[in-house]
Amino acid sequence: MNWTEICIHTTNEAIESISYVVQEAGASGLVIEDPLDLVKAREAQFGEIYELDPKDFPDEGVRIKTYLPANSHLKDAIDKIRQEINALAAFHDLGKNEITFSEVHEEDWATAWKKYYKPVQVTDNITIKPIWEDYHRAKENEMIIEMDPGMAFGTGTHPTTILSIQALEKYLKQNESVIDVGSGSGILTIAAAKLGAAKIHAFDLDEVAVKSSKANIQLNDLASEITVNQNDLLKGINLEADLIVSNILAEIIVKFVSDAWSNLKNGGYFITSGIINDKKDMVLEELRNAGFEIVEQNELEDWISIIARKRQ
């Protein structure tokens with residue numbers, strides 16, 4: 001399959017809104033090239049996986065890159081994205097607002113990024129390792145998650161994923177049941193299983209993500225403990241879980257808060273991540289309105305995670 005890369009040259013303030021537009025249009029994968037990342041101070045607790053190259057970044061503004069399959073629906077999807085981004089001019093400074101396109105061959109896309117992806121320790125006890133890298137446990141009880149994300153979102157190195165795994169490590173108990181909403185490459189699903197969850201249901205709307213989740217679950221020999229299905233958030237799902245985890249955009253999280261409540265046991269935890277600071281209050285309000293108790297909020301590199309509890 002061939003893919004079309006859509007590159008949007010815009011401003012930092014428009015990133016969240018444009019990301020939402022392209023995700024709603026069905027785009028797979030998202031790259032943000034922000035020159036501020038070249039000078040941003042970063043925590044060194046878990047290390048960096050590669051050095052940034054200034055040549056990959058614009059001189060001003062930011063570039064948002066995303067991908068659509070080159071099929072019969074491509075023109076309609078591009079027209080919709082262009083119209084909705086232009087409409088955002090009423091709310092944001094869009095800067096240059098230049099949209100360009102290029103063709104990407106799947107075989108190139110699936111392998112070129114691998115040179116940047118190295119083993120990364122995301123908590124004191126959990127390390128994520130790409131399958132093509134050699135790695136030996138630093139200590140006896142270290143849990144290794146084998147990953148080959150392919151074209152699905154989720155290498156495990158993004159701050160939102162790290163925050164999610166740290167919350168799972170803190171709040172998930174042995175033999176509890178888990179739902180992962182927006183499973184991507186399956187990283188959180190696998191982490192939950194490694195941490196002792198007995199039964200896990202993972203859902204993603206993207207067919208590529210569902211396939212990637214299943215493949216990575218097989219890599220970690222966890223197929224018997226995890227069920228992966230294609231689904232739109234929790235629509236039509238009627239389960240009873242001890243914990244629900246979701247690492248997606250804030251605008252998407254607020255859409256299924258009531259469904260999360262319905263699928264949680266009394267006293268169960270709802271872990272949400274993928275939230276920027278400007279959207280935090282929106283998510284908190286929705287959670288409280290549904291009856292959740294806010295247990296904890298954490299921040300890493302400007303990203304927020306919220307842990308909420310279903311009141312008894």
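Filter the range 183-204 for residues that are part of a loop (DSSP other than H, G, I, E, B) and surrounded by 24 or more Cβ atoms within 10 Å (Cβ to Cβ) and give the result.
To start, the set of residues in the range 183-204 that are part of a loop (DSSP other than H, G, I, E, B) comprises 183-186, 195-198.
If the condition is that a residue be part of a loop (DSSP other than H, G, I, E, B) and surrounded by 24 or more Cβ atoms within 10 Å (Cβ to Cβ), then Ser183, Gly184, Ser185, Gly186, Ala197 are the ones that fit.
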TODO: For the range 259-280, enumerate the residues that are touching an Asp or Glu at 6+ places or on another chain (Cβ under 9 Å) and over 18 Å from Ile162 (Cα atoms).
DONE: Asn263, Leu264, Lys265, Gly267, Gly268, Asp278, Lys279
TODO: Give the residue, chosen from Asp278, Asp242, Asp259, that is modelled with pLDDT under 95 and among the acidic types (Asp, Glu).
DONE: Asp278
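For Ile252, state whether it is assigned to a helix (DSSP H, G or I), of a type outside the set (S, T, N, Q) and buried (at least 16 other Cβ atoms within 10 Å of the Cβ).
On the way: assigned to a helix (DSSP H, G or I): yes; of a type outside the set (S, T, N, Q): yes; buried (at least 16 other Cβ atoms within 10 Å of the Cβ): yes.
So Ile252 fits the description; yes.
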Task: Count - residues of the range 1-27 that are among the hydroxyl-bearing types (Ser, Thr, Tyr), in contact with an Asp or Glu (Cβ under 6 Å, 6 or more places away or on another chain) and either modelled with pLDDT under 65 or part of a helix (DSSP H, G or I) (or both) - done: 1
Task: Selection count, the range 79-94, where residues are surrounded by 12 or more Cβ atoms within 10 Å (Cβ to Cβ), more than 23 Å from the chain's Cα centre (by Cα) and among the aliphatic types (A, V, I, L, M) - done: 2
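A quick yes/no check of all residues on (1) over 19 Å from the mean Cα position of the chain (by Cα); (2) under 26 Å from Asn238 (Cα atoms):
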site	(1), (2)
Lys265	yes, yes
Gly274	no, yes
Asp281	yes, no
Asn289	yes, yes
Glu293	yes, yes
Glu296	yes, no
Trp303	no, no
Arg309	yes, yes
Gln312	yes, yes
Open item on the list: Can you say whether Leu233 is in a loop (DSSP other than H, G, I, E, B) and surrounded by 17 or more Cβ atoms within 10 Å (Cβ to Cβ), as far as the supplied structure shows?
Closed with: yes
TODO: For the range 238-249, enumerate the residues that are closer than 14 Å to Ile200 by Cβ and surrounded by 19 or more Cβ atoms within 10 Å (Cβ to Cβ).
DONE: Ala241, Asp242, Leu243, Ile244, Val245, Ser246
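The values are calculated or read from the model by the stated rules, or taken from the named source; none is laboratory data. Just so it is clear, the structure is predicted and the values come from calculations on it, not from any experiment. Positions of Cβ are backbone-derived with ideal geometry, glycine not excepted, and every protein chain shown enters the neighbour counts.
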